[in-house]
1. Looking at B:THR109, is it among the hydroxyl-bearing types (Ser, Thr, Tyr) and either within 14 Å of chain A (Cβ to nearest Cβ) or in contact with a His (Cβ under 9 Å, 6 or more places away or on another chain) (or both)?
2. Kindly establish whether B:VAL223 is under 29 Å from B:THR244 (Cβ atoms) and buried (at least 20 other Cβ atoms within 10 Å of the Cβ).
3. Kindly list, by first and then second residue, each pair from a residue in the stretch B:202-213 that is closer than 14 Å to B:GLY282 by Cα to a residue that is acidic (Asp, Glu) and part of a strand (DSSP E or B), limited to pairs with Cβ atoms under 6 Å and residues at least 6 apart or on different chains.
4. Looking at B:ALA340, B:ALA331, which one is open to solvent by 30 Å² or more (accessible area, probe 1.4 Å) and either over 17 Å from B:ILE194 (Cα atoms) or modelled with pLDDT under 95 (or both)?
5. Select from the stretch B:151-185 the residues that are of a type outside the set (Val, Ile, Thr) and closer than 21 Å to B:LEU218 by Cβ and list them in ascending order.
6. List pairs: first residue in the stretch B:18-43 and open to solvent by 30 Å² or more (accessible area, probe 1.4 Å), second residue at pLDDT below 95 anywhere in the structure, Cβ distance under 7 angstrom, at least six positions apart or on different chains.
7. Which one is farthest from the chain's Cα centre (by Cα), of the residues in the stretch A:154-191 that are assigned to a loop (DSSP other than H, G, I, E, B), modelled with pLDDT of 90 or more and over 20 Å from A:SER102 (Cα atoms)?
8. Report, by residue number, each residue of the stretch A:214-241 that is touching a helix residue (DSSP H, G or I) at 6+ places or on another chain (Cβ under 8 Å) and either in a strand (DSSP E or B) or free of Cβ contacts under 8 Å to residues at least 12 places away in the same chain (or both).
Protein chains: 2
Amino acid sequence: MSDRLAAGAIIGILGGGQLGRMLSVAAARLGFRCHIYEPGADCPAAHVAWRTTTAAYEDAAALRAFARAVDVVTYEFENVPAEALDLIEAEAPVRPGRRALSVSQDRLTEKEFLSDLGLATAPFAAVSTAAELALALDRIGTPAILKTRRLGYDGKGQVRITTPGEAAAALATLGGRPAILEGVVDFSSEVSVIAARGLDGSVACYDPGENVHEGGILRKTTVPAQLTASQRSDAVLIAARMVTALDYVGVMGVELFVTAGGFVVNEFAPRVHNSGHWTQTGCVIDQFEQHVRAIAGWPLGNGARHSNVVMENLIGADIARVAEIATTGAALHLYGKAEARPGRKMGHVNRITGPA
Amino acid sequence: MSDRLAAGAIIGILGGGQLGRMLSVAAARLGFRCHIYEPGADCPAAHVAWRTTTAAYEDAAALRAFARAVDVVTYEFENVPAEALDLIEAEAPVRPGRRALSVSQDRLTEKEFLSDLGLATAPFAAVSTAAELALALDRIGTPAILKTRRLGYDGKGQVRITTPGEAAAALATLGGRPAILEGVVDFSSEVSVIAARGLDGSVACYDPGENVHEGGILRKTTVPAQLTASQRSDAVLIAARMVTALDYVGVMGVELFVTAGGFVVNEFAPRVHNSGHWTQTGCVIDQFEQHVRAIAGWPLGNGARHSNVVMENLIGADIARVAEIATTGAALHLYGKAEARPGRKMGHVNRITGPA
């Protein structure tokens with residue numbers, strides 16, 4: 001394939017956190033070199049990358065130099081500013097492409113994209129004013145969740161409305177930013193599918209994992225999820241429709257609620273995903289390598305699982321458990337972050353629970 | 001344990017080849033940063049390391065600065081000059097320690113160490129002159145192999161003597177360097193044990209792998225090796241005796257010939273070993289992380305294998321097979337070397353053949 005990156009090619013990664021770090025290692029395994037672009041100093045990815053540019057996303061000269069120095073650009077987070085992408089795209093291909101980014105950057109656009117595909121979502125309404133919020137609450141009912149349309153992650157930028165009387169305070173919390181009201185979905189569990197689509201349009205998915213969140217942050221993913229065979233295949237087909245509809249290239253994380261009426265799509269992330277970290281221990285080709293294969297124009301790995309795995313995040317003070325975990329035979333992945341703040345992802349642990 | 005390296009500590013690695021590269025990635029997984037010391041430019045390990053010093057092993061100032069900038073020093077090859085080690089040891093602990101290095105650097109010392117431990121080796125004799133070689137050939141017989149005592153690897157620095165008449169030419173080939181004559185062992189197969197010993201004296205071994213060499217270079221390792229249960233346990237016990245006798249800290253590769261009379265120890269390498277690359281795909285904790293755990297004062301992983309694996313080296317022009325291998329679902333590990341010279345290790349492939 002002519003779009004196949006040559007051996008030794010340079011992959012640019014926007015964002016130097018743990019996802020960039022694990023992408024860099026996976027890219028090296030395939031013989032590529034990685035150049036990280038990250039505003040913060042001493043970022044986790046820089047410890048295992050070929051080059052690092054430390055500069056702001058508003059630094060046009062640095063962005064341009066970075067884009068000219070690499071063969072393809074990818075990213076570890078979906079909130080890359082549009083202006084930065086404009087500059088980069090003039091110099092190098094960005095994968096996954098703009099469409100997936102713009103859809104996922106805005107919760108309203110995302111919900112509309114999913115609805116247009118015929119996929120079930122939570123009931124939703126765009127909300128900018130108190131009047132719109134009142135109408136939306138009338139239609140959707142309570143409890144409901146008011147979320148900023150942009151820049152939300154790990155439970156940030158959202159507030160729960162239990163009774164209509166809380167509406168004004170909720171709106172004030174979001175400080176006038178464009179928002180979306182979402183109905184609360186009555187789900188029995190949450191699963192996620194890590195899907196990949198290659199440059200040639202081929203699609204490969206890992207088996208769904210079952211997620212447990214705490215305080216809006218992923219705590220644990222168990223693979224396989226407790227699903228029937230037909231549910232498993234439904235979940236994978238939903239993710240496959242999404243990546244195909246977006247003409248997507250790379251790995252995508254798709255979160256699904258399991259409900260009595262079938263799957264409801266919660267959201268997707270146009271990147272490798274925390275709920276796919278189990279693939280490092282359960283599969284021959286993990287989600288990070290799968291992403292690199294896709295953006296490099298390589299054939300995708302098949303996503304087969306040799307072992308069942310429980311992945312647990314180490315968050316904030318959990319880092320103190322490392323000494324004990326190190327004695328258990330589980331696979332530790334620490335991110336090299338100096339300071340353990342509450343809510344900060346410091347690492348994760350993959351534990352094999354048996355053969356697949 | 002007080003000797004346990006703190007999170008974020010810096011590991012110095014002498015040598016920036018593929019072993020240093022894979023050690024660096026494993027160290028990062030445990031939250032450490034790696035500083036590579038390597039004379040050659042653009043070395044494989046530099047692509048995934050925190051820092052790299054490009055300087056000769058004769059550069060005292062560079063060695064001293066390197067040793068002062070790290071918390072512990074390890075190495076990816078056994079031929080580190082003694083003078084360089086003297087300088088480094090004055091500044092930082094070196095693991096594995098000097099004893100293992102000095103024994104393994106000299107084939108004669110190595111054979112004597114093994115004999116003293118009561119382990120079987122090929123018959124051997126020190127040879128410096130034509131007269132000594134004649135006596136040695138008389139005692140050991142032909143065919144035999146004349147090897148330089150120092151600086152041999154991948155079949156380099158050795159010559160086979162099929163009849164006593166070839167003795168003079170063989171000695172000339174080695175250019176007067178101190179040598180050892182070794183009898184040829186009649187073996188049915190070669191296996192290797194990847195053993196590890198922690199700072200606390202605990203020992204853990206991976207299951208033996210069965211090796212096939214071509215032209216003196218490892219071609220393939222298959223795990224499990226075709227051994228009886230009692231042979232497997234014998235092999236592991238031999239390696240365990242060796243690491244304990246050397247008060248060793250780190251991973252060691254021990255090559256054993258399987259003969260009708262039991263195991264004959266061929267040689268050992270005081271470092272991670274090519275025949276242990278299968279552990280990356282077959283085990284939760286691979287040989288590289290095991291080595292890092294040992295030198296960092298962490299508890300060792302247990303070495304259990306979840307899958308059977310065949311590891312195949314990609315040597316020289318084999319690199320052209322990457323496109324085909326990428327379609328097979330096997331795990332590729334490419335070393336990021338720009339030029340594929342004959343005999344040069346460019347990467348390896350791990351293929352799971354079934355559950356363990």
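1. Working: among the hydroxyl-bearing types (Ser, Thr, Tyr): yes; either within 14 Å of chain A (Cβ to nearest Cβ) or in contact with a His (Cβ under 9 Å, 6 or more places away or on another chain) (or both): no.
Here the answer is no, as B:THR109 does not meet what is asked.
2. Working: under 29 Å from B:THR244 (Cβ atoms): yes; buried (at least 20 other Cβ atoms within 10 Å of the Cβ): yes.
It is true that B:VAL223 is under 29 Å from B:THR244 (Cβ atoms) and buried (at least 20 other Cβ atoms within 10 Å of the Cβ).
3. Every condition considered, no pair remains.
4. Numbers: B:ALA331 fails: open to solvent by 30 Å² or more (accessible area, probe 1.4 Å).
Within the list B:ALA340, B:ALA331, the selection yields B:ALA340.
5. Taking the stretch B:151-185 as the starting set, the residues that turn out to be of a type outside the set (Val, Ile, Thr) are B:151-158, B:160, B:164-172, B:174-179, B:181-183.
Of everything in the stretch B:151-185, those that are of a type outside the set (Val, Ile, Thr) and closer than 21 Å to B:LEU218 by Cβ turn out to be B:LEU151, B:GLY152, B:TYR153, B:ASP154, B:GLY155, B:LYS156, B:GLY157, B:GLN158, B:ARG160, B:GLU182.
6. Close Cβ pairs satisfying both conditions: B:ARG33/B:GLY8.
7. Filtering the stretch A:154-191 for residues assigned to a loop (DSSP other than H, G, I, E, B) gives A:154-157, A:162-163, A:174-178, A:184-188.
Within this subset, residues satisfying the condition of being modelled with pLDDT of 90 or more are A:162-163, A:178, A:184-188.
Restricting the remaining residues to those that are over 20 Å from A:SER102 (Cα atoms) gives A:162-163, A:184-188.
Details: A:THR162: 28, A:THR163: 31, A:VAL184: 21, A:VAL185: 21, A:ASP186: 23, A:PHE187: 21, A:SER188: 22 Å.
Filtering first and then ranking leaves A:THR163.
8. If we filter the stretch A:214-241 for residues that are touching a helix residue (DSSP H, G or I) at 6+ places or on another chain (Cβ under 8 Å), which is where we start, we get A:218, A:221, A:223-225, A:227.
Hits for the stretch A:214-241 are A:LEU218, A:THR221, A:VAL223.
The values are calculated or read from the model by the stated rules, or taken from the named source; none is laboratory data. This one's a predicted model, so the numbers in the text were calculated from it and none came from an experiment. Here Cβ is always computed from backbone atoms with ideal geometry, including for glycine, and neighbour counts include all displayed protein chains. These accessible areas exclude ligands, DNA and RNA; they are computed on the full protein's heavy atoms, side chains included. Shrake-Rupley method; radii C 1.70, N 1.55, O 1.52, S 1.80 Å.
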